[in-house]
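Notes to accompany the following structure.
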Amino acid sequence: MGFRPLIPAPLTVTELAARVQLSVSPCHRRVRDLEREGAIRGYRALVDPAAVGLNFEALVFATLRWEDRDTVTAFEEAVTAIPNVIQAQRLFGEPDYLVRVATTDLAAYQQLYDQQLARLPGVQRLTSTLVMKHVIDDRPLPE
């Protein structure tokens, strides 16, 4: 997967070079190398969910009936296809998955739950926890 040589927002390469005490050309090369190697996976804008009407969030814990390859693959493909799922992680132990869901409100979540989440392949049990407040959100990785 190749990335075009992008500049980490909102810094220019010149500003980044000054911060890391490199000249511009080696800094630009290093950023490009990190992109090519996959250490920098991409760039994105962080959108405030409330600004786009997604005021409700739930964490859904999913336990599968079986954990064979076909069931896991079918579950992961199906959960990936749901646009309101903004994050999904496979876990060791129980539950098997943690799925983060964003919707407009509780009624929209209930509809999503009934029509899509409860019908995910291989699901034995779903447990939802509602998010009250984000204390830490989209924190950069530690150095």
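Rounded to the nearest whole Å², what accessible area per residue is found for the chain with the 1.4 Å probe? Please list the in-between numbers first.
Working: 10430 Å² over 143 residues.
Result: 73 Å² of accessible area for each residue.
Applying 1/(1 + (r/R0)^6) with r as the Cβ-Cβ distance of Leu22 and Gln87 and R0 = 35 angstrom yields a FRET efficiency of 0.55. Longest stretch of the chain clear of exposed loop sites (chymotrypsin sites (Phe, Trp or Tyr not before Pro), DSSP loop, at most 11 other Cβ atoms within 10 Å, sites excluded): 93-143.
Share of carbon and sulfur in the accessible area of the chain stands at 54%, probe radius 1.4 Å. Using a simple spin-label model with pseudo-atoms 7 Å out from Cα toward Cβ, Ala74 and Asp33 lie 4.7 nm apart.
Okay, helix-only estimate at 222 nm for the chain: each DSSP H run of n ≥ 4 adds -39500 (n - 2.57), divide by all residues, round to 500 deg cm²/dmol; what do you get?
For the chain, the value works out to -9500 deg cm²/dmol.
Stretched out straight at 0.36 nm per residue, the stretch from Gln110 to Arg65 would grow longer than its current Cα-Cα span by 14.0 nm.
Stretched out fully, how many nm does the piece from Val135 to Ile40 gain, at 0.36 nm a residue minus the Cα gap?
Extending this stretch completely gives an extra 31.7 nm.
Measuring r between the beta carbons of Thr127 and Ala50 and using R0 = 22 Å, the FRET efficiency lands at 0.30.
The values are calculated or read from the model by the stated rules, or taken from the named source; none is laboratory data. Since the model is a prediction, treat every value here as computed from it, not as a measurement. For neighbour counting, all protein chains shown are included, and Cβ atoms are generated from backbone atoms with ideal geometry for every residue, glycine included. For the accessible areas, the whole protein counts, side chains as well, though only heavy atoms, and no ligand, DNA or RNA atoms are used. Shrake-Rupley method; radii C 1.70, N 1.55, O 1.52, S 1.80 Å.
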